[in-house]
1. Along segment 15-20, what does the Karplus equation 6.51 cos²θ - 1.76 cosθ + 1.60 (θ = phi - 60°) give for ³J(HN,Hα), rounded to whole Hz, x for Gly and Pro?
2. Report ³J(HN,Hα) in whole Hz for each residue of segment 47-59, in order, from the Karplus equation J = 6.51 cos²θ - 1.76 cosθ + 1.60 where θ = phi - 60°; Gly and Pro get x.
3. With a 1.4 Å probe and all protein chains in place, put 45, 85 in order of accessible area, largest first.
4. What number of lysine-lysine pairs in segment 24-104 show an alpha-carbon separation below 18 angstrom, given a sequence spacing of 8 or more or placement on distinct chains?
5. Amide H neighbours of residue 50 under 5 Å, at least 5 residues apart or on other chains, H built in the peptide plane: list them.
6. Keeping every protein chain in place, order 112, 44 by accessible area at 1.4 Å, biggest value first, i.e. largest first.
7. Under 5 Å between amide H atoms, partner at least 5 residues away or on a different chain: which partners does residue 33 have, H built in plane at 1.01 Å?
8. At 1.4 Å probe size, what's the solvent-accessible area of residue 117? Round to the nearest 10 Å².
Amino acid sequence: MQVGSGVYDTRKDAGNAIIKFFQTDADGTAKIGTYLGFSMNIAFDSFNRKFVLRLKGAMNHPVEIGPDPVGNIIRLNNVLKTMPDKLAEAKDRLETLTNQLESAKIEVTKPFQQEEELAEKLKRLAELNALLNMDEKGTDALILEDDEQPAIVNSDMAVTPITSVKTKPMLKKKVVGLCL
């Protein structure tokens, strides 16, 4: 392990060098050395009030640093030992997400099965909203012919199809005797 300008072979010496580096440069973040091909950066987590050493390769792997020099090196080794498991989990998750993406692509191409029912319900909703909003517009009337598209005729005799009527949210209104 390289810490600063020194190279250390024992856990205790390397751990002491890391702790000494934290004590001398505790105010910021800095690269302090390398360990098994990973660069080591230090930082102080002011929220948790802890020192953190990050092993940096393709990703960052945080390790909390404590007062025990040998314990710190053991923590670094434990993080390195868990990497294959984390890689396997990431690959499994990637495979799952890829399968979900493929399923979603297939589902998007399928037609919506309840499209007709939705259109009927939207039409009925627009009719009901038009009926509920008639008292606000004053002289507007709802035209319902058997074979024609429902529409609203306002006082200027302008015809608005029911499908294009914009609904307003009802606030503090009571509807009595309305059946769907």
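The values are calculated or read from the model by the stated rules, or taken from the named source; none is laboratory data. Being a predicted model, the structure only gives us computed values, none of them experimental. All Cβ positions, glycine included, derive from the backbone under ideal geometry; neighbour counts span all protein chains shown. Note: accessible area is taken over every heavy atom of the protein model, side chains too, but ligands, DNA and RNA are not part of it. Shrake-Rupley method; radii C 1.70, N 1.55, O 1.52, S 1.80 Å.
1. So the J values, rounded to whole Hz, are x, 5, 5, 5, 4, 4.
2. Per residue, the Karplus-derived 3J(HN,Hα) values read 5, 8, 6, 9, 8, 10, 10, 10, 7, 10, x, 6, 10 Hz.
3. Of 45, 85, the descending order of accessible area is 85, 45.
4. On the way: 31/50; 31/56; 56/81; 56/86; 81/91.
Pairs that pass both the separation and distance tests number 5.
5. It is 45, by chain and number.
6. From most accessible down to least: 112, 44.
7. 4, 40
8. For residue 117, the solvent-accessible surface is approximately 100 Å².
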